[in-house]
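The values are calculated or read from the model by the stated rules, or taken from the named source; none is laboratory data. The structure displayed is predicted, hence computed values, not measured ones. Ideal geometry is used to build each Cβ from the backbone, glycine not excepted, and the neighbour counts take in all protein chains shown. The accessibility values were calculated without ligands, DNA or RNA, using every heavy atom of the protein model including side chains. Shrake-Rupley method; radii C 1.70, N 1.55, O 1.52, S 1.80 Å.
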Amino acid sequence: MFRNFFLAFEWTSLKEVWQYRELFFFLVWRDIKIRYKQTVLGVLWAIIQPLSTMLVFTIFFGRLANLPNDGIPYPIFYYSALLPWIYFSTSISLSGNSLISNTDLVTKVYFPRVIIPAASVLAGVVDYVIGSTILILMIWLYPETGFSFAILLWPVLLAPLVLFAISVGMILSALNVSFRDIKYTIPFIIQLWLFLSPVIYPASMVEERLGENFRFLFDLNPVVGIIEAFRVTVIPGRSIDWGAFLISITVISIVFVLATLFFHKAERRFADLI
């Protein structure tokens, strides 16, 4: 019964989003332009942020703290993880505040409200694509890495990350309408999430020092399997941990279902509360 209800609801929601696809594309394009409007460096910010963070991580966590890097050169080790992480963290930050930032639009015009947080997430794909060009250049600069056809999997690996960012964005944006202190909580959540994800350190370090049982709990964080998959695709001869990746896909699917139902229920009160 619940399955039939959700399938009917999901089909109706997708059909409605498709009917408002022009508005959806407009909001995506608007969010892209807002990112670079009246900025001196423009699209270069999509490169500066991960590149500067990579340099700091390489110096302090790589050279000084000497954290393990699974045999991958530190700059590539950190940049390949920072690229998807920065996309994800920026997306949930913007989508979590998206409904509050579009108060006039929400209260005056009817359309599927999920379009707003989803547009914020999809707009960030442009930054990700721009940042990926630097990673390709870095791979070329390190002969010991070399090019791997697994790089072609990047769009495939990005898809579940986009879906997860939309799911988290739906939950946070809906909560933000009722509880305005959520906008202050989002940066704190992102900061904690960074340390719970294999960005600064490899996932193998968790299993080595805390054991297999804790590693399973660690893998329940959907970002883990995806970031590790991104990281190994830049090194020829490395294979994706499909077990961890499958766990990520499963958790993301469950979160998406719950987020969709929660957002749909909360959506009815947006115009009154916002």
Discussion item. If every alpha-carbon in region 62-214 counts as one equal scatterer, what log10 I(q)/I(0) does Debye give at q = 0.09, 0.11, 0.13 1/Å?
Written reply: -0.37, -0.54, -0.72
Fill in: Counting all C-alpha pairs of region 49-129, share separated by more than 21 Å (%)
46 percent
Item to complete: With the full set of protein chains in place, find how many percent of the accessible area of the chain is carbon and sulfur; take the probe as 1.4 Å.
Response: 69 percent
Practice prompt. Counting other Cβ atoms within 10 Å, keep those with at most 16, restrict to DSSP loop, and tell me which trypsin sites (Lys or Arg not before Pro) in region 162-220 are left.
Written response: Arg180
Practice prompt. Just grab the label-to-label distance for Trp242 and Glu22, each label 7 Å out from Cα along the Cβ direction, in nm (one decimal).
Written response: 4.5 nm
Worksheet, complete the sentence: TM-like helix rule applied to the chain (DSSP H, alpha carbon span at least 30 Å on the long axis, mean Kyte-Doolittle at least 0.0) gives 74-96, 154-178, 242-267
Item to complete: Between Lys108 and Trp140, with labels modelled 7 Å along Cα→Cβ, what's the label distance in nm to one decimal, could you check?
Response: 4.8 nm
Discussion item. Compute for the chain: radius of gyration divided by Kirkwood radius, i.e. Rg/Rh, restricted to C-alpha atoms, rounded to two decimals.
Written reply: 0.98
Item to complete: Quote the accessible area belonging to Arg21 in square angstrom, nearest 10, computed with a 1.4 Å probe and with ligands, DNA and RNA left uncounted.
Response: 80 Å²
Item to complete: Could you do me a favour and compute the accessible area per residue for the chain, 1.4 Å probe, result in Å²?
Response: 52 Å²
Response to the item:
With the charge dipole of region 179-225 built from beta-carbon charges (+1 for Lys and Arg, -1 for Asp and Glu) about the Cα centre, the Cα from Ala203, Phe188, Val224 projecting farthest to the positive end belongs to Phe188
